[in-house]
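Heads up: the structure comes next, in structure tokens.
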Amino acid sequence: MTLSALIITALAAAPAEGSEEQPGTQTASEPEDTFEGESRNLVVTATRSAHEKNDAPISTDVFDRQMIQDTGAENALEVLEEAPGIQVDRGVGGAGVRLQGLDPKYTLILVDGQRVSGRIDGTVDLTRFPAEDIERIEIVRGPGSVLYGADALAGTINIITRRAAKRWESEAHSSYGSFNTLDLTGRVGHRTKRYTGSLSAGLHNTDGWDADPSTLSTTGPSARQFEVSTGQRFTSRGMFALDGWAQYLRRTTRGVDALNTGAVFDRVNRSETLTANLTPSATWNDGSFRFTGSYSLFRDQFFNDQRGSAALDASQETFDHVAQGTATLSQRVEEHVLTTGVDAQFEVLSADRIDPGTVDRQRYAVFAQDEWTPLESLSILPGVRLDYDSLFGLYPTPRIAMMLRPGQRWRLRASYGRGYRAPTFREMYLLFTNAGVGYQVRGNPSLQPETSWSTHVSAQFLPWRWASISVAAFDHRLQDTVVIDTLDNSDGALTLFGYANIGNAESRGIESSASFEVGPLTFDGSYTLTHARDLDSGLVLPGRARHRGTAGARIHRESWGTTLRIRTAITGTRTFYVDANDDDVLEPLDSSPYATLDARLAQTFTRYVEAYVGIDNILGAGNATDNPLVPRSYYGGVTVRY
């Protein structure tokens, strides 16, 4: 029996509900002397093999280098925050994104196909990733990325790092704006037939902002970040290649928190990230082999200083080490492209807030995918991954996807599969007491992984070379979700909370988008309908907008060297739950809809110099409670490229 038949049989016998997807590498069909991130037309995240974007068997959204520059974004979050179907979630763990109505903890974040360490409260802070180091960002939604393992129930975001594109290149970028926001970056690169190398560094600073000056609390923290990175590539006769990338980042944020009790705290977070990976690879006529070894260290120091007292002062330190090795073999056999691989991950966490203070886990996996093209117009992709987690045992995650091309203008895609998310060390081992407020939160070592079955169906219509229209439906069903529950409190001294597998939820909806490019004009728009609810209580999940839309226009006059970009996002009512009467009962509270509007004008002088000005959040949306958006802000700067 073929691999395709085995996996289809396994899926047919499986339960009937939602799954996930994830990002990738280089393939047998990839051109000689190319690598991840080099071609703006190739996407690799969902299948671990390179495809032209519109012909990828699994739908993938791409933000390429030109789009990143047009946005004026300084980090990955700013690139994504107005993207179709993405909702930014700002919390104690930093700024993450919700995909298809699911929290940031259900989205896997990768850099060059390797998972990122340093989640805080389930969130990888996307402001950690500077835009000058990003070649493109690929987003796979729903159950398309099982070849990457846990945490991708909602989807996967793969940040692909930048490499030199010309024989000699250099770039200097400076920007200054509201709230004393300063961004300075520099980059140099060199490329020959056998070697590609680059070195970049950046400094970013902001004084923060406050949406409600009448209180002592600050809304947006001040931040200072410095990073340096390098990418290197060596090739031999077009068949063998060795890629390496490394980055060091240091970030410090400061803010003020004021409690209802009258206590005021000065809060400082100081984090450092060291990441390195090495990837030898070989490519031949009908196949390729790739091995990636990576190491990531995330260090976080948290300080809380109570004004006028030392009773509630806190100082906590966290070290998170992740080492990963992934080997992937792709081979074309007639109408099949078989991709198989093994994966090993080792994680060690040391933190003051967990008991015991140091914990570790190992994960081992094998995965396989058959990209079968029985007809020129039909691709079928069964895939399966089998993970072994040293804390939770075996977890299979099967997936099947297909794409039908009934004509040159249509792409019909569907995927269905299983996903899982292993509980974090925080959820299992946290021990945190806030005596001043009167509560304690305890981890639960008996937690089991959350699981999901997900479906994603989409249609893409390409009426002309300059137009694209797409619509997709998604359905996620989550079981054994981890929630915070009240524990038995026998002594009455503290209110006790703990984590438990008692939740079941669903998130379903529709995502649609359209883009048109006519001469110097580009227009795009999107609409997303999301219905996410707790299946046990029947209540909608908090913070999700049922309706969200985006629209954008770009005018580029190449002969003038002028580019104008205008973009808006409209977010509908969101429901939150608050105890407004101090009766220990949460009541629903609906927030007001809001809209953001951004504009950026850039002018190129000669071939090398670009000056630009911009306004973000022109309409002044946001507040200090349920909608902590950066207020209206102005910026301008100069970029010199050679």
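The values are calculated or read from the model by the stated rules, or taken from the named source; none is laboratory data. None of these values were measured; they are calculated from a predicted model. So basically every Cβ, Gly included, is an ideal-geometry build from the backbone, and we count neighbours across all protein chains shown.
Quick one: in the range 257-271, of everything that is of a type in the set (A, V, I, L, M), in a strand (DSSP E or B) and modelled with pLDDT under 90, which residue is surrounded by the most Cβ atoms within 10 Å (Cβ to Cβ)?
Per the stated criteria, the residue is VAL264.
Only one residue in LEU601, LEU597, LEU564 is assigned to a strand (DSSP E or B), closer than 30 Å to GLY255 by Cβ and free of Cβ contacts under 8 Å to residues at least 40 places away in the same chain, so which one is that?
Details: LEU601 fails: closer than 30 Å to GLY255 by Cβ; LEU564 fails: closer than 30 Å to GLY255 by Cβ.
Being assigned to a strand (DSSP E or B), closer than 30 Å to GLY255 by Cβ and free of Cβ contacts under 8 Å to residues at least 40 places away in the same chain holds for just one of LEU601, LEU597, LEU564, which is LEU597.
Name the single residue that is farthest from GLY498 (Cα to Cα) among those in the range 348-366 being charged (D, E, K, R) and at pLDDT 90 or above. Talk me through it step by step, then tell me what you get.
First, the residues of the range 348-366 that are charged (D, E, K, R): 352-353, 355, 360-361, 363.
When the remaining residues are screened for being at pLDDT 90 or above, the result is 360-361, 363.
Values: ASP360: 21, ARG361: 21, ARG363: 26 Å.
Residue satisfying both the conditions and the ranking: ARG363.
Tally time: how many residues in the range 385-416 are part of a strand (DSSP E or B), closer than 30 Å to ASN444 by Cα and aliphatic (A, V, I, L, M)?
Counting residues in the range 385-416 that are part of a strand (DSSP E or B), closer than 30 Å to ASN444 by Cα and aliphatic (A, V, I, L, M) gives 2.
Quick check on ARG574: is it farther than 30 Å from TRP466 by Cβ and buried (at least 18 other Cβ atoms within 10 Å of the Cβ)?
So ARG574 passes the test.
So which residues in the range 600-632 are of a type in the set (Gly, Ala, Ser) and either buried (at least 19 other Cβ atoms within 10 Å of the Cβ) or at pLDDT 95 or above (or both), if there are any at all?
Matches in the range 600-632: ALA602, ALA611, GLY614, ALA621, GLY622.
Condition test on ALA624, is it under 27 Å from the mean Cα position of the chain (by Cα), in a strand (DSSP E or B) and over 30 Å from GLY186 (Cβ atoms)?
Against the criterion (under 27 Å from the mean Cα position of the chain (by Cα), in a strand (DSSP E or B) and over 30 Å from GLY186 (Cβ atoms)), ALA624 does not qualify.
Quick one: which of VAL384, VAL359 is among the hydrophobic types (A, V, I, L, M, F, W, C), within 30 Å of THR123 (Cα to Cα) and surrounded by 19 or more Cβ atoms within 10 Å (Cβ to Cβ)?
VAL384
Taking only pairs six or more apart or across chains, which ones have beta-carbon atoms under 8 Å, a first residue in the range 44-61 that is at pLDDT 75 or above, and a second residue that is part of a helix (DSSP H, G or I)?
Correct list of pairs: THR60/LYS53.
Name every residue in the range 255-314 that is of a type in the set (D, E, K, R) and closer than 30 Å to GLY113 by Cβ, in order of residue number.
Within the range 255-314, ARG270, GLU272, ASP286, ARG290, ARG299, ASP300 qualify.
State all residues of the range 215-236 that are touching a residue at least 40 places away in the same chain (Cβ under 8 Å) and either assigned to a loop (DSSP other than H, G, I, E, B) or surrounded by fewer than 16 Cβ atoms within 10 Å (Cβ to Cβ) (or both); if no residue qualifies, say none.
Within the range 215-236, THR215, LEU216, SER217, THR219, PRO221, PHE234, SER236 meet the criteria.
Go over the candidates SER309, SER281, SER296, SER288 one by one and state the one that is farther than 20 Å from LEU242 by Cα and hydroxyl-bearing (Ser, Thr, Tyr).
From the options SER309, SER281, SER296, SER288, the qualifying one is SER309.
Out of the residues in the range 157-214 that are in a loop (DSSP other than H, G, I, E, B) and hydrophobic (A, V, I, L, M, F, W, C), state the one that is nearest to PHE129 (Cα to Cα).
Here the residue is ALA164.
Out of GLU74, GLU78, GLU82, report the one residue that is surrounded by fewer than 22 Cβ atoms within 10 Å (Cβ to Cβ), in contact with a Ser or Thr (Cβ under 9 Å, 6 or more places away or on another chain), within 24 Å of GLY177 (Cβ to Cβ) and in contact (Cβ under 8 Å) with a residue 60 or more places away in the chain.
Details: GLU74 fails: surrounded by fewer than 22 Cβ atoms within 10 Å (Cβ to Cβ); GLU78 fails: in contact (Cβ under 8 Å) with a residue 60 or more places away in the chain.
Of the residues listed, the single one that is surrounded by fewer than 22 Cβ atoms within 10 Å (Cβ to Cβ), in contact with a Ser or Thr (Cβ under 9 Å, 6 or more places away or on another chain), within 24 Å of GLY177 (Cβ to Cβ) and in contact (Cβ under 8 Å) with a residue 60 or more places away in the chain is GLU82.
Identify, please: which residue in the range 98-151 is over 23 Å from THR292 (Cα atoms) and of a type in the set (Lys, Arg) and is, among those, surrounded by the most Cβ atoms within 10 Å (Cβ to Cβ)?
The qualifying residue surrounded by the most Cβ atoms within 10 Å (Cβ to Cβ) is ARG141.
For the range 182-223, which residues satisfy the criterion of being over 24 Å from the mean Cα position of the chain (by Cα) and more than 28 Å from ASP243 (Cβ to Cβ)?
LEU182, ASP207, TRP209, ASP210, ALA211, ASP212, PRO213, SER214, THR215, LEU216, SER217, THR218
Against the definition (farther than 30 Å from LEU102 by Cβ and in contact with a Ser or Thr (Cβ under 8 Å, 6 or more places away or on another chain)), how does GLY636 come out, yes or no?
On the way: farther than 30 Å from LEU102 by Cβ: yes; in contact with a Ser or Thr (Cβ under 8 Å, 6 or more places away or on another chain): yes.
It is true that GLY636 is farther than 30 Å from LEU102 by Cβ and in contact with a Ser or Thr (Cβ under 8 Å, 6 or more places away or on another chain).
Please state which one of SER468, SER446, SER458, SER415 is at negative phi and surrounded by fewer than 15 Cβ atoms within 10 Å (Cβ to Cβ).
SER446
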